[in-house]
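Everything below concerns the one structure shown next.
The values are calculated or read from the model by the stated rules, or taken from the named source; none is laboratory data. Every value quoted in this text rests on a predicted model; they were computed, and no experiment measured them. Here the Cβ is made from the backbone with ideal geometry for all residues, glycine too, and neighbour counts use every protein chain on show. Areas reflect the complete protein model, heavy atoms only, side chains present, ligands, DNA and RNA absent. Shrake-Rupley method; radii C 1.70, N 1.55, O 1.52, S 1.80 Å.
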Amino acid sequence: MSMSHPRISQADFAPAVAVSVGSLLIDGSRTFLMGVLNCTPDSFADGGRYERPEVAISHGEKLFADGADILDVGGESTRPGSSPVTSRAEMDRVLPVIEALRSRTDRPLSIDTTKAEVAAAACAAGADMVNDISGLTMDPELASVVAEAGAALVIGHIRGNPRTMQDDPRYEDVLVEVGDALEASVDRAIGAGVRRDGILVDPGIGFGKSLEGNLELLRGLGTLRARLGLRLMVGASRKSFIGALTGAGVADRLPGTIAAHVLARAAGADMVRAHDVAEARQAALVADALLGGWGEG
């Protein structure tokens, strides 16, 4: 992997725009927390613990109480090696949860999906954001759905699909290539009418990257943020790169996750996606006190 490309300073680009998600303004003043709510039988992190709607709803309320700024509700596992499910199955899993949470809180909700049909139904049910790990590459209609709903959008990066993405992923220069792909996806979103102040980008840690590729992306977050002029979300929670570095199983990766969150914030992240929200919030409060509001503007 080449390491020869120049690092770009934030002074070379316009400041990142603040992002509006429902009543939430992601403005760089602190670490914002996205709580993970998997309504699936086969998530890598919780193994179906929240598959039943009533259990998922209760857990969602707890994540908000623990300090989540937004909840990301997902109905399809995207762990390495996973296979897709139908839109109907995905909607059956997530819509009752979104509808119930929307009736109980006005705080922001996100739908974690790559499918336009699921995104449209979720937004109609009350979701304020769509989190697309594919960066608008798996369903060409998704950007238009987001635009029509007036929703915010997380544009992620993946190489391949969840079933194949870890089959020997290689890049000449991971930071440049991921940046190129994200830039193209952002242009596609804006061209479809998605508002620029509703877009965050996610480099896709663990989605078609090697161990060193994940580390290079985390080290280079400031470069991506400066290049794109957009807010960054990072999803490192319990990911396999932590296990590769430490030997820890999925359930024992909280310390490594906290380290990744804090250093991602220092490197340029605005939001982190967390399974363990209470612990992530405590770490964020300390990190933000030390770092200050460097990301504002």
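Using 0.36 nm per residue of separation minus the Cα-Cα distance, give me the extension gain between THR246 and SER58 in nm, one decimal.
Here the answer is 64.5 nm.
Return a whole-number percent for the relative contact order of the chain, with Cα pairs under 8 Å and 6 or more residues apart as the contact set.
24 percent
Set the Förster radius R0 to 25 Å, insert the Cβ-Cβ distance between ARG49 and ALA278 as r into 1/(1 + (r/R0)^6), and round the FRET efficiency to 0.05.
About 0.90, to the nearest 0.05.
At 1.4 Å probe size, with the rest of the protein present, what percent of the exposed accessible area of the stretch 131-279 is carbon and sulfur atoms?
52 percent
Fully extended, how many nm does the chain gain between SER103 and LEU25 (0.36 nm per residue separation, minus their Cα-Cα distance)?
Stretched out fully, the SER103 to LEU25 stretch lengthens by 25.9 nm.
Kindly list the residues of the stretch 201-230 that lie in the label zone of ARG170, defined by a backbone N under 17 Å from the point 7 Å along the Cα-to-C-beta vector.
Only 208-214 pass the distance filter.
Of (1) 1, 6, 13, 18, 21, 19, 14, 7, 2, 0, 0; (2) 1, 5, 11, 14, 16, 15, 13, 10, 7, 4, 3, 1, 0, 0; (3) 1, 5, 11, 15, 18, 18, 15, 10, 5, 1, 0, 0, which one was derived for P(r) over Cα pairs in 5 Å bins from 0, in percent from the structure shown?
Recomputing P(r) over Cα pairs in 5 Å bins from 0, in percent here gives the entry labelled (1).
Report, ordered by chain and residue number, the lysines lying within cross-link reach of LYS209, taken as a straight Cα distance under 28 Å and ignoring same-chain residues fewer than 8 apart.
LYS209 reaches LYS115, LYS239.
For the chain, with every protein chain kept in place, what is the accessible area per residue (1.4 Å probe, Å²)?
For the chain, the per-residue accessible area is 39 Å².
Can you give me the distance in nm between label points at VAL286 and GLU177, each placed 7 Å from the Cα along the Cα-to-Cβ direction?
Placing both labels 7 Å beyond Cα along the Cβ direction yields 3.7 nm.
Where in the chain are the helices, taken as whole DSSP H runs, whose Cα atoms extend 18 angstrom or more along the long axis and whose Kyte-Doolittle mean reaches at least -1.0?
Qualifying helices, which must be both long enough and hydrophobic enough, are 53-66, 87-104, 174-191, 254-267, 277-291.
For a Förster distance of 35 Å, can you work out the FRET efficiency between the beta-carbons of ALA65 and ASP197, rounded to the nearest 0.05?
For R0 = 35 Å, the calculated efficiency reads 0.75.
Identify the residues of the stretch 193-235 with backbone N under 19 Å of a label point that sits 7 angstrom from the Cα of MET138 along the Cα-to-Cβ direction, or state none.
Only 200-210, 233-235 pass the distance filter.
Let me know the longest stretch in the chain that avoids all chymotrypsin sites (Phe, Trp or Tyr not before Pro) found in a DSSP loop with at most 14 other C-beta atoms within 10 Å.
It runs 14-293.
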